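Below is one structure; the comments refer to it alone.
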Amino acid sequence: MAEATNALVQTAARAGRAGSAGPTGSHEDILALWIGLLVFVLALASAAGVDLVGWAVTTAVWVDPAKALSPVSKGYAFLGGAGALVATYLALVLVLTLGSMSLGIDPRRFAIRFTVVFAIAYLSWFAGSYAHFAVTTPADLKKFGIDWSLKLTNEGGYILALLAGLVVANALPRFAGWLQEAIRPELYIKIAIVILGGFVAVTAAEKFSLASSLLLRGIAAIVEAYLIYWAVVYYIARKWFGFSREWAAPLASGISICGVSAAIATGSAIRARPAVPILVSSLVVIFAVVEVLILPFAAQAFLSHEPLVAGAWLGLSVKTDGAAVASGAIAEALITARAAAEGINYQKGWILGTTATIKVFIDVFIGLWAFLLAYIWTNHINVESTDKARAREIWDRFPKFIIGYLLTFAVVLLLTWGASPEGVGRLKSAAGQANVFRVIFFVLTFFSIGVLSNFRKLWQEGIGKLVAVYALSLFGFIIWVGLLISWLFFAGVKPPLAST
(Lines give C-alpha, C1' and ligand atoms only; values in the text may rest on other atoms or scores of the structure.)
Protein backbone atom coordinates (compact mmCIF):
# COMPACT_ATOMS: atom_id res chain seq x y z
CA MET A 1 0.00 0.00 0.00
CA ALA A 2 2.87 2.36 0.80
CA GLU A 3 4.37 1.73 -2.64
CA ALA A 4 1.02 2.48 -4.29
CA THR A 5 0.68 5.68 -2.29
CA ASN A 6 4.18 6.78 -3.23
CA ALA A 7 3.48 6.04 -6.89
CA LEU A 8 0.25 8.01 -6.72
CA VAL A 9 2.03 10.98 -5.16
CA GLN A 10 4.66 10.87 -7.93
CA THR A 11 2.00 10.68 -10.65
CA ALA A 12 0.01 13.48 -9.07
CA ALA A 13 3.13 15.58 -8.67
CA ARG A 14 3.78 15.32 -12.41
CA ALA A 15 0.24 16.44 -13.12
CA GLY A 16 0.60 19.25 -10.62
CA ARG A 17 3.82 20.48 -12.19
CA ALA A 18 2.18 20.41 -15.60
CA GLY A 19 -0.78 22.26 -14.18
CA SER A 20 0.99 25.15 -12.55
CA ALA A 21 1.59 23.80 -9.12
CA GLY A 22 3.94 25.32 -6.61
CA PRO A 23 6.86 27.59 -7.35
CA THR A 24 7.32 26.20 -10.83
CA GLY A 25 3.72 27.09 -11.54
CA SER A 26 4.37 30.70 -10.53
CA HIS A 27 7.34 30.86 -12.88
CA GLU A 28 5.26 29.16 -15.58
CA ASP A 29 2.56 31.81 -15.15
CA ILE A 30 5.05 34.62 -15.69
CA LEU A 31 6.68 32.80 -18.60
CA ALA A 32 3.28 32.37 -20.28
CA LEU A 33 2.59 36.06 -19.76
CA TRP A 34 5.81 37.17 -21.48
CA ILE A 35 5.64 34.70 -24.37
CA GLY A 36 1.99 35.58 -25.04
CA LEU A 37 2.79 39.30 -24.99
CA LEU A 38 5.77 38.75 -27.29
CA VAL A 39 3.55 37.06 -29.88
CA PHE A 40 0.92 39.77 -29.49
CA VAL A 41 3.36 42.67 -29.94
CA LEU A 42 5.08 41.08 -32.96
CA ALA A 43 1.71 40.43 -34.61
CA LEU A 44 0.39 43.89 -33.76
CA ALA A 45 3.30 45.43 -35.66
CA SER A 46 1.64 44.36 -38.90
CA ALA A 47 -1.15 46.89 -38.21
CA ALA A 48 1.54 49.55 -38.59
CA GLY A 49 2.79 48.01 -41.83
CA VAL A 50 5.69 45.97 -40.38
CA ASP A 51 5.02 42.27 -41.03
CA LEU A 52 7.11 40.40 -38.45
CA VAL A 53 5.24 37.10 -38.07
CA GLY A 54 3.59 36.66 -41.46
CA TRP A 55 5.78 33.59 -41.97
CA ALA A 56 3.68 31.60 -39.46
CA VAL A 57 2.03 28.52 -40.93
CA THR A 58 -1.72 28.23 -41.38
CA THR A 59 -3.65 25.16 -42.48
CA ALA A 60 -6.63 25.37 -44.82
CA VAL A 61 -9.32 22.74 -45.30
CA TRP A 62 -7.91 20.37 -47.90
CA VAL A 63 -8.44 17.44 -50.22
CA ASP A 64 -5.00 17.71 -51.80
CA PRO A 65 -2.49 17.76 -48.89
CA ALA A 66 0.01 19.68 -51.02
CA LYS A 67 -2.34 22.68 -50.94
CA ALA A 68 -3.09 22.63 -47.22
CA LEU A 69 -0.22 24.65 -45.73
CA SER A 70 0.76 28.26 -46.42
CA PRO A 71 2.22 31.31 -44.66
CA VAL A 72 -0.44 33.45 -42.99
CA SER A 73 0.77 36.54 -44.89
CA LYS A 74 1.06 36.79 -48.67
CA GLY A 75 4.28 38.73 -48.17
CA TYR A 76 5.98 35.46 -47.19
CA ALA A 77 4.46 33.35 -49.99
CA PHE A 78 7.97 32.53 -51.23
CA LEU A 79 8.42 30.22 -48.21
CA GLY A 80 5.64 27.90 -49.33
CA GLY A 81 3.73 25.71 -46.91
CA ALA A 82 6.68 23.54 -45.89
CA GLY A 83 8.93 26.56 -45.33
CA ALA A 84 6.28 28.25 -43.17
CA LEU A 85 5.88 25.10 -41.09
CA VAL A 86 9.63 24.82 -40.53
CA ALA A 87 9.89 28.54 -39.67
CA THR A 88 7.03 28.23 -37.18
CA TYR A 89 8.56 25.16 -35.54
CA LEU A 90 12.00 26.80 -35.26
CA ALA A 91 10.55 29.95 -33.70
CA LEU A 92 8.51 27.98 -31.15
CA VAL A 93 11.26 25.57 -30.20
CA LEU A 94 13.71 28.46 -29.72
CA VAL A 95 11.41 30.59 -27.55
CA LEU A 96 10.01 27.69 -25.51
CA THR A 97 13.40 26.07 -24.99
CA LEU A 98 14.82 29.35 -23.66
CA GLY A 99 11.73 29.62 -21.46
CA SER A 100 12.14 26.04 -20.21
CA MET A 101 15.50 27.00 -18.72
CA SER A 102 13.71 29.39 -16.35
CA LEU A 103 11.61 26.43 -15.17
CA GLY A 104 14.70 24.37 -14.37
CA ILE A 105 14.25 22.02 -17.34
CA ASP A 106 17.26 20.81 -19.29
CA PRO A 107 17.01 22.76 -22.58
CA ARG A 108 18.38 19.96 -24.76
CA ARG A 109 15.93 17.42 -23.35
CA PHE A 110 13.06 19.87 -23.72
CA ALA A 111 13.94 20.74 -27.34
CA ILE A 112 14.11 17.09 -28.40
CA ARG A 113 10.84 16.18 -26.72
CA PHE A 114 9.07 19.32 -27.86
CA THR A 115 10.00 18.45 -31.43
CA VAL A 116 8.08 15.18 -31.07
CA VAL A 117 5.15 16.84 -29.29
CA PHE A 118 4.92 19.54 -31.97
CA ALA A 119 5.05 16.97 -34.76
CA ILE A 120 2.23 14.83 -33.34
CA ALA A 121 0.09 17.80 -32.34
CA TYR A 122 0.39 19.61 -35.67
CA LEU A 123 -0.14 16.40 -37.61
CA SER A 124 -3.41 16.04 -35.67
CA TRP A 125 -4.41 19.58 -36.65
CA PHE A 126 -3.45 18.88 -40.27
CA ALA A 127 -5.54 15.69 -40.30
CA GLY A 128 -8.47 17.51 -38.69
CA SER A 129 -8.47 19.94 -41.64
CA TYR A 130 -9.16 17.12 -44.11
CA ALA A 131 -12.31 18.03 -46.03
CA HIS A 132 -14.20 14.88 -45.01
CA PHE A 133 -13.72 15.94 -41.37
CA ALA A 134 -13.99 19.70 -41.66
CA VAL A 135 -16.45 20.78 -44.39
CA THR A 136 -19.75 22.06 -42.97
CA THR A 137 -21.95 23.41 -45.77
CA PRO A 138 -23.44 21.94 -48.98
CA ALA A 139 -21.64 24.66 -50.97
CA ASP A 140 -18.29 23.55 -49.57
CA LEU A 141 -19.08 19.89 -50.23
CA LYS A 142 -19.56 20.84 -53.87
CA LYS A 143 -16.45 23.03 -53.86
CA PHE A 144 -14.24 20.17 -52.68
CA GLY A 145 -15.99 17.56 -54.81
CA ILE A 146 -17.02 15.33 -51.91
CA ASP A 147 -20.42 13.96 -50.92
CA TRP A 148 -20.07 13.60 -47.14
CA SER A 149 -18.34 15.18 -44.15
CA LEU A 150 -18.35 14.82 -40.38
CA LYS A 151 -18.91 18.61 -40.27
CA LEU A 152 -16.48 19.23 -37.40
CA THR A 153 -14.79 22.25 -39.05
CA ASN A 154 -10.99 22.10 -39.02
CA GLU A 155 -11.13 22.47 -35.23
CA GLY A 156 -11.90 18.75 -35.18
CA GLY A 157 -8.10 18.64 -35.13
CA TYR A 158 -8.31 19.47 -31.43
CA ILE A 159 -10.24 16.25 -30.85
CA LEU A 160 -7.69 14.25 -32.86
CA ALA A 161 -4.84 15.77 -30.82
CA LEU A 162 -6.60 14.85 -27.57
CA LEU A 163 -7.22 11.29 -28.79
CA ALA A 164 -3.58 11.00 -29.88
CA GLY A 165 -2.50 12.03 -26.38
CA LEU A 166 -4.84 9.53 -24.75
CA VAL A 167 -3.42 6.74 -26.93
CA VAL A 168 0.11 7.70 -25.92
CA ALA A 169 -0.80 7.87 -22.20
CA ASN A 170 -2.72 4.60 -22.02
CA ALA A 171 -1.13 2.42 -24.72
CA LEU A 172 2.46 3.77 -24.68
CA PRO A 173 3.12 4.81 -21.06
CA ARG A 174 6.91 4.64 -21.38
CA PHE A 175 6.78 6.97 -24.36
CA ALA A 176 4.46 9.26 -22.38
CA GLY A 177 6.99 9.33 -19.56
CA TRP A 178 9.79 10.18 -21.99
CA LEU A 179 7.77 13.16 -23.28
CA GLN A 180 7.10 14.66 -19.84
CA GLU A 181 9.46 17.65 -20.04
CA ALA A 182 7.54 19.02 -23.04
CA ILE A 183 4.06 18.14 -21.76
CA ARG A 184 3.06 21.53 -20.33
CA PRO A 185 -0.70 21.97 -20.90
CA GLU A 186 -1.15 24.90 -18.51
CA LEU A 187 1.83 26.76 -19.99
CA TYR A 188 0.55 26.29 -23.53
CA ILE A 189 -3.03 27.25 -22.72
CA LYS A 190 -2.02 30.31 -20.72
CA ILE A 191 0.07 31.59 -23.63
CA ALA A 192 -2.93 30.97 -25.88
CA ILE A 193 -5.27 32.84 -23.52
CA VAL A 194 -2.97 35.88 -23.45
CA ILE A 195 -3.07 35.92 -27.26
CA LEU A 196 -6.82 35.28 -27.23
CA GLY A 197 -7.45 38.59 -25.47
CA GLY A 198 -6.63 40.58 -28.60
CA PHE A 199 -8.71 38.31 -30.83
CA VAL A 200 -11.71 38.58 -28.52
CA ALA A 201 -11.29 42.37 -28.39
CA VAL A 202 -11.49 42.75 -32.18
CA THR A 203 -14.62 40.63 -32.18
CA ALA A 204 -16.09 42.55 -29.23
CA ALA A 205 -15.33 45.96 -30.76
CA GLU A 206 -17.67 45.23 -33.64
CA LYS A 207 -20.53 44.45 -31.25
CA PHE A 208 -19.51 46.37 -28.14
CA SER A 209 -22.91 46.54 -26.46
CA LEU A 210 -23.31 42.77 -26.72
CA ALA A 211 -19.76 42.13 -25.46
CA SER A 212 -20.21 44.40 -22.41
CA SER A 213 -23.50 42.68 -21.62
CA LEU A 214 -21.79 39.28 -21.75
CA LEU A 215 -19.06 40.50 -19.41
CA LEU A 216 -21.50 41.71 -16.76
CA ARG A 217 -23.58 38.55 -17.05
CA GLY A 218 -20.44 36.44 -16.72
CA ILE A 219 -19.27 38.17 -13.54
CA ALA A 220 -22.70 37.76 -11.94
CA ALA A 221 -22.80 34.07 -12.91
CA ILE A 222 -19.33 33.46 -11.42
CA VAL A 223 -20.23 35.07 -8.08
CA GLU A 224 -23.32 32.89 -7.80
CA ALA A 225 -21.34 29.78 -8.73
CA TYR A 226 -18.65 30.49 -6.13
CA LEU A 227 -21.17 30.98 -3.35
CA ILE A 228 -23.05 27.77 -4.19
CA TYR A 229 -20.40 25.35 -5.49
CA TRP A 230 -17.75 25.62 -2.81
CA ALA A 231 -20.06 25.33 0.20
CA VAL A 232 -21.89 22.28 -1.15
CA VAL A 233 -18.76 20.38 -2.20
CA TYR A 234 -17.10 21.12 1.15
CA TYR A 235 -20.19 19.81 2.95
CA ILE A 236 -20.27 16.62 0.85
CA ALA A 237 -16.57 15.91 1.44
CA ARG A 238 -16.87 16.49 5.21
CA LYS A 239 -20.26 15.01 6.07
CA TRP A 240 -20.82 12.27 3.50
CA PHE A 241 -17.25 11.01 3.02
CA GLY A 242 -15.66 11.95 6.34
CA PHE A 243 -12.69 13.93 5.00
CA SER A 244 -10.88 16.26 7.38
CA ARG A 245 -10.86 20.03 6.82
CA GLU A 246 -7.34 19.70 5.42
CA TRP A 247 -8.70 17.49 2.63
CA ALA A 248 -12.17 18.99 2.23
CA ALA A 249 -11.05 22.57 1.51
CA PRO A 250 -8.64 21.79 -1.39
CA LEU A 251 -11.17 19.28 -2.73
CA ALA A 252 -13.91 21.91 -2.65
CA SER A 253 -11.71 24.47 -4.39
CA GLY A 254 -10.35 22.02 -6.96
CA ILE A 255 -13.76 20.57 -7.83
CA SER A 256 -15.84 23.71 -7.65
CA ILE A 257 -13.62 26.61 -8.70
CA CYS A 258 -10.64 26.23 -10.96
CA GLY A 259 -8.97 22.90 -10.65
CA VAL A 260 -5.25 22.68 -10.12
CA SER A 261 -4.58 26.37 -9.48
CA ALA A 262 -7.36 26.64 -6.89
CA ALA A 263 -6.41 23.38 -5.16
CA ILE A 264 -2.76 24.40 -4.87
CA ALA A 265 -3.63 27.94 -3.72
CA THR A 266 -6.11 26.61 -1.15
CA GLY A 267 -3.69 23.99 0.16
CA SER A 268 -1.05 26.66 0.63
CA ALA A 269 -3.52 29.08 2.19
CA ILE A 270 -4.64 26.62 4.87
CA ARG A 271 -1.13 25.16 5.30
CA ALA A 272 -2.17 21.66 4.18
CA ARG A 273 0.47 18.97 3.69
CA PRO A 274 1.89 19.17 0.14
CA ALA A 275 0.51 15.74 -0.81
CA VAL A 276 -3.09 16.92 -0.36
CA PRO A 277 -3.36 19.47 -3.19
CA ILE A 278 -1.09 17.30 -5.35
CA LEU A 279 -3.51 14.38 -5.15
CA VAL A 280 -6.47 16.66 -5.83
CA SER A 281 -4.58 18.11 -8.81
CA SER A 282 -4.16 14.68 -10.37
CA LEU A 283 -7.92 14.18 -10.23
CA VAL A 284 -8.56 17.57 -11.76
CA VAL A 285 -6.47 16.70 -14.82
CA ILE A 286 -8.18 13.34 -15.31
CA PHE A 287 -11.74 14.61 -14.90
CA ALA A 288 -11.02 17.57 -17.15
CA VAL A 289 -10.28 15.11 -19.96
CA VAL A 290 -13.52 13.25 -19.27
CA GLU A 291 -15.42 16.54 -19.43
CA VAL A 292 -13.74 17.54 -22.69
CA LEU A 293 -14.77 14.22 -24.22
CA ILE A 294 -18.42 14.54 -23.10
CA LEU A 295 -19.64 18.08 -22.43
CA PRO A 296 -19.00 19.80 -25.80
CA PHE A 297 -21.01 17.09 -27.56
CA ALA A 298 -23.77 17.41 -24.96
CA ALA A 299 -23.72 21.16 -25.59
CA GLN A 300 -24.15 20.58 -29.32
CA ALA A 301 -26.96 18.09 -28.77
CA PHE A 302 -29.01 20.14 -26.31
CA LEU A 303 -27.83 23.76 -26.51
CA SER A 304 -27.16 24.35 -30.19
CA HIS A 305 -29.91 27.00 -30.26
CA GLU A 306 -28.53 28.69 -27.13
CA PRO A 307 -24.83 28.88 -28.06
CA LEU A 308 -23.78 31.39 -25.41
CA VAL A 309 -25.48 29.34 -22.69
CA ALA A 310 -23.28 26.49 -23.90
CA GLY A 311 -20.13 28.63 -23.75
CA ALA A 312 -20.86 29.89 -20.24
CA TRP A 313 -21.80 26.41 -19.04
CA LEU A 314 -18.45 24.97 -20.12
CA GLY A 315 -16.60 27.84 -18.45
CA LEU A 316 -18.41 27.14 -15.17
CA SER A 317 -18.20 23.34 -15.37
CA VAL A 318 -14.76 22.35 -16.71
CA LYS A 319 -12.14 22.81 -14.04
CA THR A 320 -8.82 23.56 -15.72
CA ASP A 321 -7.97 26.50 -17.95
CA GLY A 322 -6.74 24.23 -20.73
CA ALA A 323 -9.69 21.86 -20.73
CA ALA A 324 -12.26 24.64 -20.28
CA VAL A 325 -11.02 26.71 -23.20
CA ALA A 326 -10.46 23.54 -25.22
CA SER A 327 -14.02 22.41 -24.59
CA GLY A 328 -15.24 25.87 -25.62
CA ALA A 329 -13.33 25.55 -28.88
CA ILE A 330 -14.82 22.14 -29.61
CA ALA A 331 -18.32 23.29 -28.70
CA GLU A 332 -17.99 26.35 -30.92
CA ALA A 333 -16.88 24.18 -33.84
CA LEU A 334 -19.73 21.71 -33.32
CA ILE A 335 -22.47 24.29 -32.72
CA THR A 336 -21.45 26.64 -35.54
CA ALA A 337 -21.22 23.66 -37.90
CA ARG A 338 -24.76 22.55 -37.01
CA ALA A 339 -26.02 26.13 -37.29
CA ALA A 340 -24.33 26.52 -40.71
CA ALA A 341 -26.08 23.38 -41.91
CA GLU A 342 -29.36 25.07 -40.92
CA GLY A 343 -28.42 28.26 -42.78
CA ILE A 344 -27.34 30.25 -39.70
CA ASN A 345 -23.78 31.58 -39.87
CA TYR A 346 -22.67 32.73 -36.43
CA GLN A 347 -19.61 34.92 -36.14
CA LYS A 348 -16.70 32.87 -34.86
CA GLY A 349 -15.20 33.60 -31.46
CA TRP A 350 -18.29 34.39 -29.39
CA ILE A 351 -18.91 30.95 -27.89
CA LEU A 352 -15.22 30.41 -27.20
CA GLY A 353 -14.92 33.99 -25.97
CA THR A 354 -17.74 33.46 -23.49
CA THR A 355 -16.08 30.30 -22.14
CA ALA A 356 -12.70 32.03 -21.91
CA THR A 357 -14.13 35.13 -20.24
CA ILE A 358 -15.95 33.06 -17.62
CA LYS A 359 -12.80 31.04 -16.97
CA VAL A 360 -10.55 34.08 -16.78
CA PHE A 361 -12.75 35.81 -14.22
CA ILE A 362 -12.90 32.62 -12.18
CA ASP A 363 -9.09 32.67 -12.18
CA VAL A 364 -9.08 36.32 -11.14
CA PHE A 365 -10.93 35.40 -7.95
CA ILE A 366 -8.51 32.61 -6.96
CA GLY A 367 -6.17 35.02 -5.18
CA LEU A 368 -9.01 36.64 -3.27
CA TRP A 369 -10.49 33.26 -2.36
CA ALA A 370 -7.13 31.94 -1.15
CA PHE A 371 -6.64 35.03 1.01
CA LEU A 372 -10.12 34.66 2.50
CA LEU A 373 -9.50 31.00 3.37
CA ALA A 374 -6.07 31.85 4.77
CA TYR A 375 -7.65 34.47 7.01
CA ILE A 376 -10.34 32.07 8.25
CA TRP A 377 -7.89 29.21 8.88
CA THR A 378 -5.20 31.23 10.61
CA ASN A 379 -7.56 33.31 12.72
CA HIS A 380 -10.46 30.95 13.48
CA ILE A 381 -9.52 27.31 12.82
CA ASN A 382 -5.78 26.93 13.43
CA VAL A 383 -5.81 29.65 16.06
CA GLU A 384 -2.64 28.33 17.68
CA SER A 385 -0.71 29.31 14.55
CA THR A 386 1.24 32.56 14.75
CA ASP A 387 0.97 33.03 10.99
CA LYS A 388 -1.41 35.71 9.81
CA ALA A 389 -2.96 36.06 6.41
CA ARG A 390 -1.14 38.80 4.52
CA ALA A 391 -2.64 41.03 1.87
CA ARG A 392 0.35 40.14 -0.32
CA GLU A 393 -1.05 36.60 -0.60
CA ILE A 394 -3.73 37.95 -2.93
CA TRP A 395 -0.99 38.93 -5.34
CA ASP A 396 1.01 35.74 -4.70
CA ARG A 397 -2.00 33.60 -5.66
CA PHE A 398 -3.14 35.80 -8.53
CA PRO A 399 -2.65 34.01 -11.92
CA LYS A 400 -0.25 36.40 -13.67
CA PHE A 401 -1.16 35.31 -17.20
CA ILE A 402 -4.57 36.92 -16.72
CA ILE A 403 -2.83 40.29 -16.74
CA GLY A 404 -1.76 39.47 -20.28
CA TYR A 405 -5.28 38.55 -21.38
CA LEU A 406 -6.71 41.76 -19.95
CA LEU A 407 -3.85 43.83 -21.38
CA THR A 408 -4.12 42.48 -24.93
CA PHE A 409 -7.89 42.84 -24.77
CA ALA A 410 -7.66 46.45 -23.55
CA VAL A 411 -4.97 47.50 -26.03
CA VAL A 412 -6.83 46.20 -29.07
CA LEU A 413 -10.15 47.57 -27.84
CA LEU A 414 -8.61 51.03 -27.35
CA LEU A 415 -6.94 50.93 -30.77
CA THR A 416 -10.24 50.08 -32.46
CA TRP A 417 -12.04 52.86 -30.60
CA GLY A 418 -12.72 55.55 -33.19
CA ALA A 419 -10.44 53.92 -35.77
CA SER A 420 -11.30 54.11 -39.45
CA PRO A 421 -12.69 51.01 -41.17
CA GLU A 422 -9.29 50.59 -42.81
CA GLY A 423 -7.56 50.77 -39.42
CA VAL A 424 -9.96 48.23 -37.92
CA GLY A 425 -9.23 45.98 -40.91
CA ARG A 426 -5.49 46.16 -40.22
CA LEU A 427 -6.08 45.33 -36.55
CA LYS A 428 -8.23 42.36 -37.53
CA SER A 429 -5.43 41.15 -39.80
CA ALA A 430 -2.90 41.53 -36.97
CA ALA A 431 -5.18 39.65 -34.58
CA GLY A 432 -5.50 36.96 -37.24
CA GLN A 433 -1.70 36.55 -37.37
CA ALA A 434 -1.55 36.22 -33.59
CA ASN A 435 -4.47 33.81 -33.72
CA VAL A 436 -2.38 31.40 -35.81
CA PHE A 437 -0.14 30.92 -32.78
CA ARG A 438 -3.15 30.71 -30.47
CA VAL A 439 -4.40 27.76 -32.54
CA ILE A 440 -1.02 26.03 -32.35
CA PHE A 441 -0.85 26.44 -28.58
CA PHE A 442 -4.40 25.10 -28.34
CA VAL A 443 -3.39 21.97 -30.25
CA LEU A 444 -0.33 21.52 -28.02
CA THR A 445 -2.65 21.83 -25.01
CA PHE A 446 -5.05 19.16 -26.24
CA PHE A 447 -2.28 16.68 -26.92
CA SER A 448 -0.63 17.42 -23.55
CA ILE A 449 -3.87 16.93 -21.61
CA GLY A 450 -4.27 13.53 -23.25
CA VAL A 451 -0.70 12.46 -22.44
CA LEU A 452 -1.23 13.25 -18.75
CA SER A 453 -4.28 10.99 -18.57
CA ASN A 454 -3.39 7.41 -17.72
CA PHE A 455 -6.76 6.42 -16.26
CA ARG A 456 -5.91 2.84 -15.36
CA LYS A 457 -2.77 3.69 -13.41
CA LEU A 458 -4.43 6.27 -11.22
CA TRP A 459 -7.35 3.96 -10.47
CA GLN A 460 -5.04 1.05 -9.57
CA GLU A 461 -3.07 3.27 -7.21
CA GLY A 462 -5.98 3.75 -4.83
CA ILE A 463 -7.53 7.08 -5.65
CA GLY A 464 -11.06 5.64 -5.48
CA LYS A 465 -12.48 7.61 -2.53
CA LEU A 466 -11.33 10.93 -3.94
CA VAL A 467 -12.79 9.91 -7.30
CA ALA A 468 -16.13 9.22 -5.63
CA VAL A 469 -16.30 12.72 -4.12
CA TYR A 470 -15.25 14.31 -7.39
CA ALA A 471 -17.65 12.30 -9.55
CA LEU A 472 -20.62 12.81 -7.22
CA SER A 473 -20.01 16.54 -6.90
CA LEU A 474 -19.22 17.20 -10.54
CA PHE A 475 -21.76 15.04 -12.35
CA GLY A 476 -24.41 15.03 -9.64
CA PHE A 477 -24.42 18.71 -8.85
CA ILE A 478 -21.93 21.16 -10.37
CA ILE A 479 -22.63 20.73 -14.08
CA TRP A 480 -26.39 21.00 -13.48
CA VAL A 481 -26.17 24.08 -11.29
CA GLY A 482 -23.72 25.54 -13.79
CA LEU A 483 -26.23 24.87 -16.56
CA LEU A 484 -29.02 26.53 -14.57
CA ILE A 485 -26.90 29.61 -13.81
CA SER A 486 -25.75 29.85 -17.43
CA TRP A 487 -29.34 29.60 -18.62
CA LEU A 488 -30.51 32.30 -16.21
CA PHE A 489 -27.87 34.79 -17.37
CA PHE A 490 -27.33 33.90 -21.05
CA ALA A 491 -30.56 32.41 -22.41
CA GLY A 492 -31.82 34.30 -25.44
CA VAL A 493 -28.50 36.08 -26.05
CA LYS A 494 -27.15 35.10 -29.47
CA PRO A 495 -23.79 35.65 -31.17
CA PRO A 496 -23.94 38.10 -34.06
CA LEU A 497 -24.28 36.65 -37.54
CA ALA A 498 -21.21 36.58 -39.76
CA SER A 499 -23.07 38.47 -42.48
CA THR A 500 -23.96 41.43 -40.24
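The set of residues in region 367-384 being open to solvent by 10 Å² or more (accessible area, probe 1.4 Å), within 16 Å of Val223 (Cβ to Cβ) and at pLDDT below 70 consists of Leu368 alone. Of all residues in region 147-180, exactly one satisfies the criterion of being open to solvent by 40 Å² or more (accessible area, probe 1.4 Å) and among the acidic types (Asp, Glu), namely Asp147.
Checking each residue in region 265-284 for being at pLDDT 65 or above, of a type in the set (A, V, I, L, M) and over 23 Å from Leu483 (Cβ atoms) picks out Ala265, Ala269, Ile270, Ala272, Val276, Leu279, Val280.
For region 35-51, which positions are part of a helix (DSSP H, G or I) and open to solvent by 50 Å² or more (accessible area, probe 1.4 Å)?
Residues satisfying the conditions are Leu38, Val41, Leu42, Ala48.
Screening Leu484 with (1) in contact (Cβ under 8 Å) with a residue 12 or more places away in the chain; (2) farther than 29 Å from Ala121 by Cα; (3) open to solvent by 20 Å² or more (accessible area, probe 1.4 Å); (4) under 24 Å from the mean Cα position of the chain (by Cα) gives one miss only, at (1). Residues that are touching a Lys or Arg at 6+ places or on another chain (Cβ under 6 Å), open to solvent by less than 10 Å² (accessible area, probe 1.4 Å) and not small (Gly, Ala, Ser) within region 181-201 comprise Ile195, Leu196, listed in sequence order. Of everything listed in (1) under 21 Å from the mean Cα position of the chain (by Cα); (2) modelled with pLDDT of 80 or more; (3) open to solvent by 10 Å² or more (accessible area, probe 1.4 Å), the single unmet condition for Ala299 is (3).
Please work out if Val469 is open to solvent by less than 10 Å² (accessible area, probe 1.4 Å) and under 30 Å from Val280 (Cα atoms). Spelling it out, Val469 is indeed open to solvent by less than 10 Å² (accessible area, probe 1.4 Å) and under 30 Å from Val280 (Cα atoms). Ser26 falls short on exactly one of the conditions (1) modelled with pLDDT of 90 or more; (2) open to solvent by less than 60 Å² (accessible area, probe 1.4 Å), and that condition is (1).
Against the criterion of being at negative phi and open to solvent by 40 Å² or more (accessible area, probe 1.4 Å), Ile120 qualifies. Restricting attention to region 57-66, the residues that are in contact with a strand residue (DSSP E or B) (Cβ under 7 Å, 6 or more places away or on another chain) and over 13 Å from Asn154 (Cβ atoms) total 1. Please verify whether Gly81 is among the small types (Gly, Ala, Ser), farther than 18 Å from Leu31 by Cα and open to solvent by 20 Å² or more (accessible area, probe 1.4 Å), treating the condition exactly as stated. No: the conditions fail for Gly81. The set of residues in region 225-246 that are aliphatic (A, V, I, L, M) and either closer than 17 Å to Trp369 by Cα or open to solvent by 50 Å² or more (accessible area, probe 1.4 Å) (or both) comprises Ala225, Leu227, Ile228, Ala231, Val232, Val233.
Being under 19 Å from Glu186 (Cβ atoms) and open to solvent by 30 Å² or more (accessible area, probe 1.4 Å) is the filter here; which residues of region 104-117 pass it? Once the filter is applied, which keeps residues that are under 19 Å from Glu186 (Cβ atoms) and open to solvent by 30 Å² or more (accessible area, probe 1.4 Å), region 104-117 yields only Gly104. Being basic (Lys, Arg), surrounded by 14 or more Cβ atoms within 10 Å (Cβ to Cβ), modelled with pLDDT under 65 and closer than 19 Å to Glu28 by Cβ, is that true of even one residue in region 399-420? Within region 399-420, not a single residue is basic (Lys, Arg), surrounded by 14 or more Cβ atoms within 10 Å (Cβ to Cβ), modelled with pLDDT under 65 and closer than 19 Å to Glu28 by Cβ. Listed by position, the helices (runs of 4 or more DSSP H) inside region 71-161 whose residues that are among the aliphatic types (A, V, I, L, M) and within 26 Å of Arg174 (Cβ to Cβ) number at least 1 are 80-102, 107-128.
Looking only at residues of region 52-67 that are within 14 Å of Ala87 (Cβ to Cβ) and without any contact (Cβ under 8 Å) to a residue 60 or more places away in the chain, we find that the one that is least open to solvent (accessible area, probe 1.4 Å) is Trp55. Residues in region 304-318 that are over 21 Å from Ser256 (Cα atoms) and open to solvent by 10 Å² or more (accessible area, probe 1.4 Å): Ser304, His305, Glu306. Taken over region 93-103, the residue count meeting the criterion of being within 20 Å of Leu452 (Cα to Cα) and surrounded by fewer than 16 Cβ atoms within 10 Å (Cβ to Cβ) is 0. Scanning region 319-357 for residues that are among the hydrophobic types (A, V, I, L, M, F, W, C), farther than 13 Å from Leu497 by Cα and without any contact (Cβ under 8 Å) to a residue 40 or more places away in the chain, we see that the one that is surrounded by the fewest Cβ atoms within 10 Å (Cβ to Cβ) is Ile335.
The values are calculated or read from the model by the stated rules, or taken from the named source; none is laboratory data. Being a predicted model, the structure only gives us computed values, none of them experimental. Heads up, the Cβs are rebuilt from the backbone with ideal geometry, glycines too, and the neighbour counts pull from every protein chain shown. Accessible surface areas use protein heavy atoms only, side chains included; no ligands, DNA or RNA. Shrake-Rupley method; radii C 1.70, N 1.55, O 1.52, S 1.80 Å.
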